[in-house]
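Heads up, the thing below is written out as structure tokens.
The values are calculated or read from the model by the stated rules, or taken from the named source; none is laboratory data. The model shown is predicted, which means the values in this text are computed figures rather than measured ones. Here the Cβ positions follow ideal geometry from the backbone for every residue, glycine too, while neighbour counts run over all protein chains shown. The area values use the complete protein model at the heavy-atom level, side chains included, leaving out ligands, DNA and RNA. Shrake-Rupley method; radii C 1.70, N 1.55, O 1.52, S 1.80 Å.
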Amino acid sequence: MADRVTVIGWDGSPLTAAARAALGAATLVAGAAHHLDLPEVPPAAERIRLGSVSLAARRIAAHRGTAVVFADGDPGFFGVVRTLRAPEFGLEVEVVPGVSSVATAFARAGMPWDDAQVVVAHRRTLRRAVNVCRAHTKVAVLTSPGAGPAELGLLLEGVHRTFVICEELGTEREQVTVVTSDKAPDHSWRDPNVVIVIGGPARAGAPAEDAWTTGRDPGVGPRGWTQPAAAYRGALGEGEADLLRAAQLARLGPRTGDLVWDIGCGSGAFATEAARAGAAVLAVDRDIEACARTDAAARRFGVQMQIVRGAAPHVLEDLPEPDVVRVGGGGAAVVSAVADRRPQRIVTHAATRDEAEVLGRDLTEHGYDVECALLQSVELDTRAWTETERSVAFLLSGVLPDRSP
């Protein structure tokens, strides 16, 4: 095992005294090409070009001597420190931090970033990173080859955003470019880069001087998974009752990084509440008034969503892959078309048992584990304790076993 491992965060500024001392004693130095070319790297030290951090960690663990690992920015912020400290390598590390590339990118843009979401985009996480960009007004994306500005722009088709693309921060080739998201795929971008993604209506909430946590303020907006019908300023459909919406949200569990389809969005009540949970939402309805009400609800609650006017199931063909789906209308044909896309979870409702059996059978044939519950809610006037409204619905939920949870 290496006698000592020091991780140095490099942000382009001159090395600190602590970093120079650690580097002077190093018998092994690992880092990117621009790190290994630094004049302070001892000529006799073994050099490892960082590709796979795990492979480098194995070599460092087997090394007898003093090792230094370079990383761009702050190595403890989505960096190599987590991998090096993994139990299988048994390495104890000392860290000399640098300014994170996210902080540097926002500094170059002259923008605050305590209200920004920060995500990492690899090929396997790119879709979820894009969904965060759909759902939030300010996102910093730490990119990687194959999951960079061009790929972000392609997957954000139909959603207008502004990209601030910061290439090779801290080097002589540093460049900052501002483009719209639809133009990003037209260019080749140098790695490493950070993309600041900005756009959409401002979120309603407390003034900036009252901010108390980073990213999205969990205290923004009214409490409760669901809001009363009056909050949506108009009559709601039979599938939009408060308790039914709450049950649908509980079954789907929309969360940050998800893309939610709301098919037959009606008033926008469910779509708005899924967006308040931090998910990206794509709301679909064939009725122009429903689309307008959904847009108004989203703006009133300060959430982001994409609204598509069209008739399901045909309009679903070109939509991006969903994680969870609520089918608010359209019957068995729409449920079947949604199940063909294999989201993790689907919820829908039926007014009769016969209809519920048809929907449940279709979901089962598509490989979903199906649950059905008869929900009945009765609203009472508490002044006289008399019934004011009654609603009854069969709630169906399907979970795809091979994509759970």
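Details
- Strands (runs of 3 or more DSSP E) enclosed by segment 123-206 - at least 3 residues per element that are more than 16 Å from the chain's Cα centre (by Cα): 162-167, 175-180
- Scanning segment 86-102 for residues that are crowded, with 17+ Cβ neighbours inside 10 Å and either out of contact with any Ser or Thr (no Cβ under 8 Å at 6 or more places or on another chain) or in a loop (DSSP other than H, G, I, E, B) (or both) yields F89, L91, P97, G98, V99, S100, S101, V102.
- Taking segment 310-345 as the range and being among the charged types (D, E, K, R) and closer than 24 Å to V132 by Cα as the test, the residues that pass are E317, D318, E321, D323, R326, R341, R342, R345.
- Residue, modelled with the highest pLDDT, within segment 83-126, restricted to residues that are over 24 Å from V176 (Cα atoms) and of a type in the set (D, E, K, R): E94
- Restricting segment 224-272 to residues that are outside any helix (DSSP H, G or I) and free of Cβ contacts under 8 Å to residues at least 40 places away in the same chain, the residue that is farthest from the chain's Cα centre (by Cα): A235
- Residues of segment 301-317 satisfying the condition of being assigned to a loop (DSSP other than H, G, I, E, B), over 17 Å from E289 (Cα atoms) and under 22 Å from the mean Cα position of the chain (by Cα): G302, V303, Q304
- Segment 145-181, subset within 14 Å of C133 (Cα to Cα) and either without any contact (Cβ under 8 Å) to a residue 24 or more places away in the chain or of a type in the set (D, E) (or both), residue least open to solvent (accessible area, probe 1.4 Å): T180
- D115 being loosely packed, with under 13 Cβ neighbours inside 10 Å, in contact (Cβ under 8 Å) with a residue 24 or more places away in the chain and not β-branched (V, I, T): no
- Any chance S13 is open to solvent by 10 Å² or more (accessible area, probe 1.4 Å), at pLDDT below 95, within 21 Å of D191 (Cα to Cα) and not in a helix (DSSP H, G or I): yes
- Some residue of segment 190-198 being buried (at least 21 other Cβ atoms within 10 Å of the Cβ), touching a strand residue (DSSP E or B) at 6+ places or on another chain (Cβ under 9 Å), over 30 Å from D37 (Cβ atoms) and of a type outside the set (S, T, N, Q): yes
- Inside segment 26-56, residues that are among the small types (G, A, S) and surrounded by 15 or more Cβ atoms within 10 Å (Cβ to Cβ) make up a count of 6.
- Residue match in segment 316-326 (condition: modelled with pLDDT under 95, surrounded by fewer than 16 Cβ atoms within 10 Å (Cβ to Cβ) and under 18 Å from L395 (Cβ atoms)): no
- Looking across segment 106-119, the residues that are within 17 Å of F163 (Cβ to Cβ) and under 20 Å from the mean Cα position of the chain (by Cα) come down to F106, W113, A116, Q117, V118, V119.
- Residue match in segment 355-373 (condition: surrounded by fewer than 19 Cβ atoms within 10 Å (Cβ to Cβ) and closer than 20 Å to S267 by Cβ): no
- Subset tally (residues that are open to solvent by 10 Å² or more (accessible area, probe 1.4 Å), farther than 15 Å from V324 by Cα and among the aliphatic types (A, V, I, L, M)) for segment 263-289: 1
- Total residues in segment 276-288, condition assigned to a helix (DSSP H, G or I) and modelled with pLDDT of 95 or more: 1
- Scope segment 19-58; condition out of contact with any strand residue (DSSP E or B) (no Cβ under 6 Å at 6 or more places or on another chain) and part of a helix (DSSP H, G or I); matching residues: R20, A21, G24, A33, H34, V53, S54, L55, A57, R58
- Residue count for segment 291-311, restricted to those that are in contact with a Cys (Cβ under 7 Å, 6 or more places away or on another chain) and open to solvent by 10 Å² or more (accessible area, probe 1.4 Å): 2
- Comparison of A61, A105 shows that the only residue that is in contact (Cβ under 8 Å) with a residue 40 or more places away in the chain and either open to solvent by 50 Å² or more (accessible area, probe 1.4 Å) or farther than 30 Å from G215 by Cα (or both) is A61.
- Residue within segment 377-387 that is in contact (Cβ under 8 Å) with a residue 24 or more places away in the chain and under 20 Å from E321 (Cβ atoms) present: no
- Residue check, A292 outside any strand (DSSP E or B), within 21 Å of R345 (Cβ to Cβ) and out of contact with any Ser or Thr (no Cβ under 8 Å at 6 or more places or on another chain): no
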